[in-house]
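Novice: Shown below is the structure under consideration.
The values are calculated or read from the model by the stated rules, or taken from the named source; none is laboratory data. Nothing here was measured: the structure is a model prediction, and the numbers come from that model. Here the Cβ is made from the backbone with ideal geometry for all residues, glycine too, and neighbour counts use every protein chain on show. To get the accessible areas, we keep the full protein, side chains included, count just its heavy atoms, and leave off ligands, DNA and RNA. Shrake-Rupley method; radii C 1.70, N 1.55, O 1.52, S 1.80 Å.
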Amino acid sequence: MDDSGQKGIQAMIDETGTIVGLMLSPIERFPESDAKQTVTVFQAPFKGKWYVFWGGENVTDNYHYAEESQRYAIDVIKTENAMSYEGDPAKNESYFAFGEEILAGARGKVVGIENNIRDNEPVGETNETKPVGNYVIIDHGHSEYSLYAHLKQGSVCVKEGSEVEAGDLIGLCGNSGNSTEAHLHFQVSDHPDLFWVNTKSLNINWLGDIKVRRGQVVYGGV
C-alpha cells in the first residue's frame, strides 16, 4: 500500500522470480466499523505458532474485507520453513495444520455445530455446496458469535447448548467445505447465521491488543 493507505499493488511471481501478474487498485476502507471492536476479548483459538494467511483491514491483506459478512475474518495455517506441508501435497495429512487442536476463543455457549462434512481430498478440491464445512458457533453475549470453520470431519467435541471456557478444546483443524488446504477460518459476527442477509462481521478485540494481519505469526496458548 502507499502511505495514504488508499492505493495498493499486488504481484504474482513464479518459481523463477518472474513477475507473471500485476494489479494496481484503489483500496476501499470502512473506518467506522474498523474502529469498533468486540466487547468480548478473544484469545488465539489454537496452540503454538500459526501463520496469518489472510487478515487485516484492507482487501490487499484480507480478501474477506470486501464482504460485510466476513470483513474481519482471518484464515490461519501452520508453516515450517515457509511451507504449509511436507510430503504429498494431495493428502491432508501432509499439512502441518491438519488435525491440530482448535480452542474456544472466549467463554460462551455453543449454539451451532456441524461434524459430518468430509475433508476435501485430493487437496485442492473444494465443497462449494457446504462452504463452511464442519464448524462450531459460540454465543458470547452482546450479539457476538464466534465461528470456527473448516474443521476436521468427526472432530467436533462439543454439543449445542454446552458452556465452554476460553481455551477449551472444541475440535480439530481440517479441510472441509470451501477450503483449498487445511486451515482455520475464524471470525466474530453479530448473528449466528453467516449467510443471513444482514449479518455483519465484527472487528475482533484480541487479548493483549494484538493486531492480526496477513504475514504475521501469532502464538496461541501452549
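Novice: Hey, if you put +1 on the Cβ of every Lys and Arg and -1 on every Asp and Glu Cβ in the chain, which of Gly133, Tyr72, Val158 ends up farthest toward the positive end of that dipole?
Specialist: Final value for the positive-end residue is Val158.
Novice: OK, next. Rolling a 1.4 angstrom probe over the protein heavy atoms, how many square angstrom per residue are accessible across the chain?
Specialist: On the way: 11610 Å² over 222 residues.
In whole numbers, the chain has 52 Å² accessible per residue.
Novice: Take the alpha carbon gyration tensor of the stretch 150-222, find the square roots of its eigenvalues, order them as a ≥ b ≥ c, and report rounded if a/c is under 1.5; if not, report prolate when a/b exceeds b/c, else oblate. Write down the numbers at each step before the final one.
Specialist: On the way: a/c = 1.21, a/b = 1.08, b/c = 1.12.
Rounded.
Novice: So if we plug the beta-carbon distance of Ile19 and Glu163 into 1/(1 + (r/R0)^6) with R0 = 41 Å, what FRET efficiency do we get, rounded to 0.05? Intermediate values should be presented prior to the final figure.
Specialist: Values: r = 52 Å, r/R0 = 1.27.
Once rounded, the FRET efficiency stands at 0.20.
Novice: Is the shape of the stretch 1-96 rounded, prolate or oblate, going by the alpha carbon gyration tensor and its root eigenvalues a ≥ b ≥ c, with a/c under 1.5 for rounded and a/b larger than b/c for prolate?
Specialist: Oblate, since a/c reaches 1.5 and b/c is not below a/b.
Novice: To continue, here is another question. Pairs Lys7/Lys130; Lys36/Lys152; Lys36/Lys159; Lys47/Lys159: which are spaced more than 28 Å apart, C-alpha to C-alpha?
Specialist: Working: Lys7/Lys130 34 Å; Lys36/Lys152 32 Å; Lys36/Lys159 31 Å; Lys47/Lys159 22 Å.
Cα-Cα > 28 Å for Lys7/Lys130; Lys36/Lys152; Lys36/Lys159; rest within.
Novice: Under a crude label model (7 Å from the Cα following the beta-carbon direction), how far is Arg213 from Val39 in nanometres?
Specialist: Output for this residue pair reads 3.0 nm.
Novice: May I pose another question? Label-point separation (nm) for Ile9 and Asp88, each offset 7 Å from Cα along Cα-to-Cβ?
Specialist: Computed distance between label sites Ile9 and Asp88 equals 4.2 nm.
Novice: I would also like to ask the following. Given a Förster distance of 30 Å, report the FRET efficiency between Asn81 and Met1 from their Cβ-Cβ distance, rounded to the nearest 0.05. List each step's numbers first, then the result.
Specialist: Details: r = 28 Å, r/R0 = 0.93.
That gives a FRET efficiency of 0.60.
Novice: Here is a follow-up. Let me have the 222 nm mean residue ellipticity of the chain computed from DSSP H runs of 4+ only, each contributing -39500 (n - 2.57), with the sum over all residues rounded to the nearest 500. Intermediate results must be reported in sequence, preceding the final value.
Specialist: Working: 1 runs with 4 residues, N = 222.
When only DSSP H runs of four or more count, the value is -500 deg cm²/dmol.
Novice: Packing-wise, with mean Cβ within 10 Å as the measure, how do 128-135, 208-215, 44-51 rank, highest first? Walk me through the numbers on the way to the answer.
Specialist: Numbers: 128-135: 17.9, 208-215: 12.8, 44-51: 19.9.
Final packing ranking: 44-51, 128-135, 208-215.
Novice: Tally up the carbon and sulfur contribution to the accessible surface of the chain as a whole percent, 1.4 Å probe, everything protein left in place. Don't jump to the answer; show the numbers that get you there.
Specialist: Numbers: 5770 of 11610 Å².
The nonpolar share, carbon plus sulfur, comes to 50 percent.
Novice: Please work out whether the chain counts as rounded, prolate or oblate from its C-alpha gyration tensor, where a ≥ b ≥ c are the square roots of the eigenvalues and a/c under 1.5 means rounded, while otherwise a/b larger than b/c means prolate and anything else oblate? Don't jump to the answer; show the numbers that get you there.
Specialist: Working: a/c = 1.65, a/b = 1.13, b/c = 1.46.
Oblate, because a/c is 1.5 or more while a/b does not exceed b/c.
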